[in-house]
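Inspection log for the structure reproduced underneath, given as structure tokens.
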Amino acid sequence: MTDPLLSTKLFRPPLTSSWAPRPRLVAQLAAASHKPLTLVSGPAGFGKTTLVNEWLNQLDDRRIAWLSLDADDNDTARFCQYLVAALQTLDPAIGASALALLQVTPPAPPAAIVATLVNDINTCLDRAWLVLDDSHLLDNPAIHQALAYLVEHLPPALRLVLTTRADPPLPLARWRARGHLAEIRAADLRFTPDEAARFLNEAMGLTLTSDQVAALEARTEGWIAGLQLAALSLQGRSDTAGFITSFTGSHRYIIGYLVEEVLDQQPPAVQRFLLETSLLERLSAELCDAVTEAGDAAATLEYLERHNLFLIPLDDVGQWYRYHHLFADVLQGRLRAQGAASAADLHRRASRWFEAHALPAEAIKHALAGQDTDGAARLIEDRGLALALAGAGQLLTVQGWLDALPPAVRASRPRLSLTGAWLAMGRGPVASVEPFLQQTEALVGERADTEAQAVRGEVATIRALLAGFHLEDPAALEAAQAALDTLPPTATDLRVLVASVLGYALCLRGQVDEAAGVLAPALAAVRAGPGNLTLHVSLLVLLGITRQEQGRLAEALALQQAAQALVEVEGRPLPFPSSLLVYSNLASICYEQNRLDEAERLLQVAVHLNETLGDARLLATALIERARVAHGRGDVLMARRSADEAVRLIHSVEAAGSQRLIGAQRATLWLRMGNVERAAAWAEEYAEQAQGLTHRFIADDVADLTVARLWLAQGQTDRALDRLTPLEARARASGQGCIVLKALLLRALTLQAQGNLPGAITRLDEALTLAAGEGYARVFLDEGAALRRLLERVVAEGRPSRAEARRLLALFEPTAPSPAPAAGAASDLVERLSEREMEVLRLIQAGASNQDIADRLVISPNTAKKHTLNIFGKLGVNSRTQALARARELGLL
């Protein structure tokens with residue numbers, strides 16, 4: 001936000017020498033200053049801005065943020081940037097999260113950005129005012145929704161003031177009924193006869209009689225701008241009475257008549273200056289000299305200010321000004337009457353000045369107004385500008401430039417068509433992008449020059465990104481590789497963008513070593529560059545996922561924590577998709593390291609974030625992690641509900657690979673819960689899906705592990721080994737350390753079930769060696785008592801991995817002491833379950849917690865816990881899930 005014009009929008013216009021106090025209205029505003037919203041509404045020229053200024057000047061604590069709005073602020077990103085800048089005049093700490101959200105792609109909705117501002121305001125401010133001047137110029141529904149959210153959640157430390165010519169589409173009636181709205185209307189703003197007399201005779205220096213004042217007040221209906229113009233026209237006139245009777249009619253007629261009167265009294269040079277500079281939204285002496293080519297702008301601006309000719313200062317140093325809107329409208333009408341050629345030439349001069357001063361947005365605007373289509377097209381074609389604005393969410397601004405160009409110009413320049421493709425990709429739908437790409441390719445044709453090659457590389461980049469939005473599409477990998485082959489080496493930013501797509505596509509295919517080789521240098525390039533929050537976070541997340549798939553859990557944790565540091569501002573997460581991925585991935589790592597409380601906390605953040613984002617795919621990812629955590633804590637009911645909801649959500653979107661992955665993860669949970677039947681039904685469905693696959697993904701490796709686990713549970717140990725052995729070999733070849741680890745553990749358990757204890761211990765020894773130093777825990781603990789016995793043998797036999805085995809054994813829950821035998825259980829139990837223990841077991845099956853069991857059986861929670869531990873001991877298990885599985889095997893349930 002280095003644009004020097006920005007400060008002019010944040011400047012509170014001072015009260016001029018012709019200002020007339022309005023104590024009646026100031027008192028009315030002061031009496032309602034406790035209300036969250038003050039609305040000052042009336043037609044143009046009724047003194048709305050001046051009144052608000054006078055009122056705020058009388059406040060004891062003048063902490064005031066001011067934002068003068070214009071039509072360009074309907075671009076949501078631009079509006080939010082200015083809103084943040086205004087609030088930062090109160091405290092620079094406000095808005096860090098909001099500015100970060102403006103960098104993400106796709107841009108966050110304005111309401112989400114305003115939500116972060118509300119948090120900052122609560123933290124940073126004690127008492128302040130925010131004024132949005134000329135808010136009638138806003139017609140973007142998304143911005144109105146954001147303003148409604150702001151008012152509904154406005155902290156006590158801030159009050160909002162809107163000046164407007166028409167009521168905004170906000171729930172004013174509701175706020176009025178709640179007593180949250182203060183209002184000043186046109187009827188209030190009209191000058192009373194006494195106020196008109198003070199203004200005309202004291203502020204404007206006239207000597208009118210009471211009858212003359214009354215006549216002017218009646219003809220203008222208390223309209224302040226009309227009175228001021230009349231006063232300017234009367235200065236130096238001798239026939240006051242004749243002038244007062246000479247005009248009547250509507251405000252539009254009066255303003256035109258009176259401006260003409262005022263202009264006619266000015267020297268010709270001043271008239272020429274006023275007309276030629278009227279097309280500028282903001283004026284400086286240097287800019288005016290460039291437009292008028294007269295060289296006397298500084299002196300003329302001083303003259304206009306001294307003579308109260310509707311010139312409003314926009315800073316404290318006399319550098320920037322603007323004309324009163326009504327005055328400017330009449331001047332522009334007069335300029336248009338002189339001929340379009342004259343105005344077009346002035347616009348072109350303004351465009352050249354703005355371009356020379358590195359203000360391309362203003363340069364484009366004036367080039368378009370001056371019908372300089374070649375100049376405008378050249379500026380828009382600057383890819384760096386278009387992408388910078390699109391990256392900040394200002395898609396509407398860039399789209400407006402394109403729309404303003406003649407269709408023939410847009411259809412003849414490859415770079416313009418390419419800009420259209422970038423915008424279509426940002427705004428959607430995805431299907432709207434390809435026609436722009438095809439048009440671009442047709443325009444480039446068979447050219448072999450450097451520019452043509454760069455354009456082809458950019459086309460390939462967009463196609464790779466489109467495929468990247470559907471990363472399970474096999475085309476993603478091929479499209480990304482094609483883009484890298486086409487892009488010139490100098491296109492570093494685009495090459496890094498494509499590398500993120502290629503790296504993740506490789507990771508999903510299970511080619512994780514290759515993926516890491518692509519993602520790691522891309523991350524290094526982003527860290528060394530100027531900074532792109534979305535890309536930086538994405539690369540940290542993707543490389544973190546890849547390291548986790550490689551089995552390098554410690555590195556994965558460091559990368560995801562680095563991403564967390566970027567998506568959090570003062571401990572609060574930014575609401576954009578990468579944030580949700582960060583928290584879900586961190587939870588996955590915490591789960592693997594048996595930090596279940598931390599995993600649950602992270603998942604709560606992820607689920608809460610999705611209330612804003614509404615992304616079914618990301619939420620499904622978080623919920624399946626929550627199911628694993630719940631299962632690890634023995635909460636079978638929560639595990640089942642979360643897994644079922646994850647599957648439901650993932651089937652609501654087009655994500656075949658994610659559907660297979662989450663389906664396999666749920667089936668694994670079913671097996672751990674002892675529900676072999678449902679897992680077998682899933683395996684039949686997956687077998688049908690797998691027949692039509694042309695490429696394997698990590699989801700299919702996870703599914704293979706689940707199928708092998710199912711066959712082990714069914715006693716089909718040979719089939720299990722036949723599935724696991726090639727899977728492990730493939731995983732080793734591609735660097736999938738995580739899959740290798742899980743395959744080794746399942747092979748160990750399968751060999752143990754076959755009675756091959758030496759083979760089982762050898763496989764476990766390999767798995768322990770692979771996991772050492774990474775902090776793995778749950779991958780071992782979830783296998784229960786059977787694996788525990790193997791770990792004990794590893795220690796007893798002094799295997800090389802015995803230290804890691806001891807660490808893991810210490811994490812297993814202690815086995816409860818065995819009570820005396822009791823009747824009423826399965827005959828093959830060494831120690832049968834008592835009738836009370838059977839009751840507890842059935843309640844555990846129903847998903848009851850220890851407290852639920854205590855309430856149901858009218859016992860203490862400690863007694864319920866003791867019964868549970870006794871059940872574990874008799875069944876030879878370490879968790880509720882394992883107890884249910886073992887009980888089903890024994891026919892107890």
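Somewhere in the range 716-723, is a residue among the aliphatic types (A, V, I, L, M), over 19 Å from Ala556 (Cβ atoms) and not in a loop (DSSP other than H, G, I, E, B)?
Taking the range 716-723 and keeping what is among the aliphatic types (A, V, I, L, M), we get 720-721.
Filter once more, so that each one left must be over 19 Å from Ala556 (Cβ atoms): 720-721.
Restricting the remaining residues to those that are not in a loop (DSSP other than H, G, I, E, B) gives 720-721.
So far as the range 716-723 goes, yes, one or more of its residues are among the aliphatic types (A, V, I, L, M), over 19 Å from Ala556 (Cβ atoms) and not in a loop (DSSP other than H, G, I, E, B).
Mind listing whichever residues of the range 78-126 are at pLDDT below 85, open to solvent by 20 Å² or more (accessible area, probe 1.4 Å) and outside any helix (DSSP H, G or I)?
Gln103, Thr105, Pro106, Pro107, Pro109, Asp126
Just to be sure before I move on: is Ala885 surrounded by 16 or more Cβ atoms within 10 Å (Cβ to Cβ) and either part of a loop (DSSP other than H, G, I, E, B) or modelled with pLDDT under 75 (or both) in the structure I sent?
Answer is no for this residue.
Across the range 659-680, what is the number of residues that are touching a His at 6+ places or on another chain (Cβ under 6 Å) and closer than 12 Å to Ala713 by Cα?
Within the range 659-680, residues that are touching a His at 6+ places or on another chain (Cβ under 6 Å) and closer than 12 Å to Ala713 by Cα number 0.
Based on what the data block shows, is Leu811 modelled with pLDDT under 95, closer than 17 Å to Glu592 by Cβ and surrounded by fewer than 15 Cβ atoms within 10 Å (Cβ to Cβ)?
So Leu811 passes the test.
Name the residue that is farthest from the chain's Cα centre (by Cα), counting only residues in the range 539-569 that are open to solvent by 30 Å² or more (accessible area, probe 1.4 Å) and over 22 Å from Val779 (Cα atoms).
Here the residue is Ala562.
Taking the range 323-367 only, how many residues are polar (S, T, N, Q) and either under 22 Å from Asp134 (Cα atoms) or open to solvent by 50 Å² or more (accessible area, probe 1.4 Å) (or both)? Talk me through it step by step, then tell me what you get.
Residues of the range 323-367 polar (S, T, N, Q): 332, 338, 342, 351.
Then keep just the ones that are either under 22 Å from Asp134 (Cα atoms) or open to solvent by 50 Å² or more (accessible area, probe 1.4 Å) (or both); that gives 332, 338.
So the answer is 2.
Mind counting the residues in the range 73-90 that are touching a Phe, Trp or Tyr at 6+ places or on another chain (Cβ under 9 Å) and either under 28 Å from Val259 (Cβ atoms) or of a type in the set (Asp, Glu) (or both)?
1
Quick check on this structure: which one of Ile184, Ile224 is buried (at least 22 other Cβ atoms within 10 Å of the Cβ) and either in contact with a helix residue (DSSP H, G or I) (Cβ under 7 Å, 6 or more places away or on another chain) or under 22 Å from Leu87 (Cα atoms) (or both)?
Ile184
I'm trying to understand the selection: among the residues of the range 561-585, which are part of a helix (DSSP H, G or I) and over 13 Å from Val537 (Cβ atoms)?
Answer for the range 561-585, where residues must be part of a helix (DSSP H, G or I) and over 13 Å from Val537 (Cβ atoms): just Ser584.
How many residues does the range 205-221 hold that are surrounded by fewer than 22 Cβ atoms within 10 Å (Cβ to Cβ), under 52 Å from the mean Cα position of the chain (by Cα) and not acidic (Asp, Glu)? Show your work before the answer.
We begin by selecting, within the range 205-221, every residue surrounded by fewer than 22 Cβ atoms within 10 Å (Cβ to Cβ); these are 205-212, 214-215, 218-219, 221.
Of the ones still in play, those that are also under 52 Å from the mean Cα position of the chain (by Cα) are 221.
Then keep just the ones that are not acidic (Asp, Glu); that gives none.
So the count comes out to 0.
Anything in the range 850-859 that is open to solvent by less than 50 Å² (accessible area, probe 1.4 Å) and either closer than 17 Å to Ser879 by Cα or at pLDDT 85 or above (or both)? List them, or say none.
Asn850, Ile853, Ala854, Ile859, listed by residue number.
Determine, yes or no, whether Asp644 is touching a residue at least 12 places away in the same chain (Cβ under 8 Å) and either outside any helix (DSSP H, G or I) or out of contact with any Pro (no Cβ under 6 Å at 6 or more places or on another chain) (or both).
Against the criterion (touching a residue at least 12 places away in the same chain (Cβ under 8 Å) and either outside any helix (DSSP H, G or I) or out of contact with any Pro (no Cβ under 6 Å at 6 or more places or on another chain) (or both)), Asp644 qualifies.
Which residue out of Val496, Val518, Val512 is under 19 Å from Ala556 (Cβ atoms) and open to solvent by 10 Å² or more (accessible area, probe 1.4 Å)? Lay out the reasoning, then the answer.
Values: Val496 fails: under 19 Å from Ala556 (Cβ atoms); Val512 fails: open to solvent by 10 Å² or more (accessible area, probe 1.4 Å).
Just a single option satisfies the conditions, and that option is Val518.
I'm trying to understand the selection: among the residues of the range 839-875, which are under 20 Å from Asn675 (Cα atoms) and touching a Ser or Thr at 6+ places or on another chain (Cβ under 8 Å)?
If the condition is that a residue be under 20 Å from Asn675 (Cα atoms) and touching a Ser or Thr at 6+ places or on another chain (Cβ under 8 Å), then Val840, Ile844, Phe872 are the ones that fit.
Looking at Leu566, Leu523, Leu535 in this structure, which one is farther than 26 Å from Gly632 by Cβ and without any contact (Cβ under 8 Å) to a residue 24 or more places away in the chain?
Being farther than 26 Å from Gly632 by Cβ and without any contact (Cβ under 8 Å) to a residue 24 or more places away in the chain holds for just one of Leu566, Leu523, Leu535, which is Leu523.
For the range 578-617, which positions are touching a Pro at 6+ places or on another chain (Cβ under 7 Å) and either farther than 22 Å from Thr546 by Cα or surrounded by fewer than 24 Cβ atoms within 10 Å (Cβ to Cβ) (or both)?
Val605, Leu609, Thr612, Leu613, Asp615
For Arg648, state whether it is of a type in the set (Lys, Arg), open to solvent by 50 Å² or more (accessible area, probe 1.4 Å) and under 22 Å from Ser879 (Cα atoms).
On the way: of a type in the set (Lys, Arg): yes; open to solvent by 50 Å² or more (accessible area, probe 1.4 Å): yes; under 22 Å from Ser879 (Cα atoms): no.
No; evaluated as a whole, the condition is false for this residue.
Each row is one residue, and each column tells you yes or no for (1) among the hydrophobic types (A, V, I, L, M, F, W, C); (2) free of Cβ contacts under 8 Å to residues at least 24 places away in the same chain; (3) surrounded by fewer than 23 Cβ atoms within 10 Å (Cβ to Cβ).
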{"site": "Leu623", "(1), (2), (3)": "yes, no, no"}
{"site": "Gly632", "(1), (2), (3)": "no, no, yes"}
{"site": "Ala639", "(1), (2), (3)": "yes, no, no"}
{"site": "Gly674", "(1), (2), (3)": "no, no, yes"}
{"site": "Glu684", "(1), (2), (3)": "no, yes, yes"}
{"site": "Arg696", "(1), (2), (3)": "no, no, yes"}
{"site": "Ala703", "(1), (2), (3)": "yes, no, no"}
{"site": "Val707", "(1), (2), (3)": "yes, no, no"}
{"site": "Gln716", "(1), (2), (3)": "no, yes, yes"}
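Mind telling me which of the residues Leu314, Leu287 ends up being farther than 18 Å from Val259 by Cβ, modelled with pLDDT under 90, open to solvent by less than 50 Å² (accessible area, probe 1.4 Å) and touching a Ser or Thr at 6+ places or on another chain (Cβ under 9 Å)?
Numbers: Leu287 fails: modelled with pLDDT under 90.
Within the list Leu314, Leu287, the selection yields Leu314.
Counting residues that are in contact (Cβ under 8 Å) with a residue 40 or more places away in the chain, which helices (runs of 4 or more DSSP H) fully inside the range 272-384 reach at least 2?
Per the criteria, 285-292, 325-337, 340-356, 360-369.
Can you find a residue in the range 133-150 that is out of contact with any helix residue (DSSP H, G or I) (no Cβ under 7 Å at 6 or more places or on another chain), at pLDDT 90 or above and of a type in the set (S, T, N, Q)?
Checking the range 133-150: at least one residue is out of contact with any helix residue (DSSP H, G or I) (no Cβ under 7 Å at 6 or more places or on another chain), at pLDDT 90 or above and of a type in the set (S, T, N, Q).
Within 26 Å of Gly632 (Cβ to Cβ) and at pLDDT 85 or above - does that describe any residue in the range 830-838?
Going through the range 830-838, the residues within 26 Å of Gly632 (Cβ to Cβ) turn out to be 833, 837-838.
Okay, now just the ones that are also at pLDDT 85 or above, so 837-838.
So far as the range 830-838 goes, yes, one or more of its residues are within 26 Å of Gly632 (Cβ to Cβ) and at pLDDT 85 or above.
The values are calculated or read from the model by the stated rules, or taken from the named source; none is laboratory data. Note that the structure is predicted; figures quoted are calculated from it, not measured. Positions of Cβ are backbone-derived with ideal geometry, glycine not excepted, and every protein chain shown enters the neighbour counts. For accessibility, only protein heavy atoms count, side chains too; no ligands or nucleic acids. Shrake-Rupley method; radii C 1.70, N 1.55, O 1.52, S 1.80 Å.
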